[in-house]
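The structure appears below as structure tokens.
The values are calculated or read from the model by the stated rules, or taken from the named source; none is laboratory data. From a predicted model like this one, the values you see are computed outputs, not experimental measurements. Here the Cβ positions follow ideal geometry from the backbone for every residue, glycine too, while neighbour counts run over all protein chains shown.
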Amino acid sequence: MNTRSSPAIAAATAALVLTGCGSTVSTGSTVSTGTQAVSDSTSNAPAPSSCQSQALAWKSGGGASRIGAIVSDLSAVQKALAATQDAGNGSSSAESTLQSAAASLRSDVHTAEGALPPACIPELRLSYRQALTEYSDAARDFENTVSELRKGNDGVAMADAQAGTNATGAGDTKFDAADAALNTFLNS
């Protein structure tokens with residue numbers, strides 16, 4: 001599983017907050033900041049951007065930290081899956097660890113779905129949402145892996161584990177796309 005892109009989004013989100021994406025307002029001017037016009041007759045200070053404000057609210061509301069929880073869950077799932085495969089059929093401890101890690105991933109994905117990045121960066125939001133869908137599918141597949149192992153259906157369990165691994169890879173690809181969208185926004 002490749003989870004390198006998730007921390008990249010967290011870092012890029014932090015960069016968004018630090019670099020800002022507002023326009024500069026000069027004396028007596030009106031500047032569009034995306035969704036609203038800002039008028040200031042006395043200031044040469046940067047005007048707050050509606051999109052920047054939304055990004056700050058998302059980040060401070062826990063949006064960026066939710067990525068870290070998902071990355072941690074994916075690592076736990078990967079380790080638990082390896083332990084389950086190493087232990088072979090019938091290792092209830094390894095199976096329980098995988099079940100717990102998959103349930104934690106599902107829960108953290110559900111939490112992240114309730115706090116999507118701002119819609120003012122459309123490709124970021126779309127790719128982020130798609131990544132979460134893939135990770136939710138992966139959690140379900142890994143939970144099914146445990147269920148099938150407990151039934152003694154090793155072949156089905158292996159297919160579920162492969163489906164979960166594939167869904168994780170697809171989620172990582174979507175996070176890469178989200179990262180690219182955020183970088184494009186920051187550099188425009």
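Worth pointing out:
- Boolean, Thr145 is modelled with pLDDT of 90 or more, under 29 Å from Gln52 (Cα atoms), assigned to a helix (DSSP H, G or I) and touching a helix residue (DSSP H, G or I) at 6+ places or on another chain (Cβ under 9 Å): no
- Set Leu98, Leu186: member being of a type in the set (A, V, I, L, M), more than 27 Å from Gln52 (Cα to Cα) and more than 11 Å from the chain's Cα centre (by Cα): Leu98
- The set of residues in the stretch 149-160 being in a helix (DSSP H, G or I) and over 16 Å from Ala103 (Cα atoms) consists of Leu149, Arg150, Lys151, Asp154, Gly155, Val156, Ala157, Met158, Ala159.
- Residue in the stretch 110-124 that is farthest from Ala80 (Cα to Cα), counting only those that are among the hydrophobic types (A, V, I, L, M, F, W, C) and assigned to a helix (DSSP H, G or I): Leu124
- The residues on offer are Ser127, Ser136, Ser107, and the sole one that is closer than 18 Å to Arg66 by Cα, free of Cβ contacts under 8 Å to residues at least 12 places away in the same chain, in a helix (DSSP H, G or I) and under 14 Å from the mean Cα position of the chain (by Cα) is Ser107.
- In the stretch 125-137, residue surrounded by the most Cβ atoms within 10 Å (Cβ to Cβ) [restricted to those that are over 21 Å from Ala80 (Cα atoms) and hydrophobic (A, V, I, L, M, F, W, C)]: Ala131
- Criterion applied to Ala170, Ala112 was being aliphatic (A, V, I, L, M) and under 17 Å from Gly62 (Cβ atoms), and the one residue passing it is Ala112.
- Residue ID - nearest to Ser127 (Cα to Cα), chosen from residues in the stretch 149-160 that are modelled with pLDDT under 95 and crowded, with 18+ Cβ neighbours inside 10 Å: Ala157
- Some residue of the stretch 114-125 being closer than 30 Å to Ser50 by Cβ, charged (D, E, K, R) and at pLDDT 95 or above: no
- Number of the condition not met by Ser107 [criteria: (1) of a type in the set (Ser, Thr, Tyr); (2) surrounded by fewer than 15 Cβ atoms within 10 Å (Cβ to Cβ); (3) modelled with pLDDT under 90; (4) touching an Asp or Glu at 6+ places or on another chain (Cβ under 9 Å)]: (3)
- Count of residues meeting criterion [at pLDDT below 85 and part of a helix (DSSP H, G or I)] in the stretch 51-83: 12
- Every condition in (1) surrounded by fewer than 21 Cβ atoms within 10 Å (Cβ to Cβ); (2) more than 16 Å from Val109 (Cα to Cα); (3) among the charged types (D, E, K, R) is met by Arg140 except one, and the failing one is (2).
- Among the residues of the stretch 161-176, those identified as more than 19 Å from Asp108 (Cβ to Cβ) and buried (at least 18 other Cβ atoms within 10 Å of the Cβ) are Ala161, Asp176.
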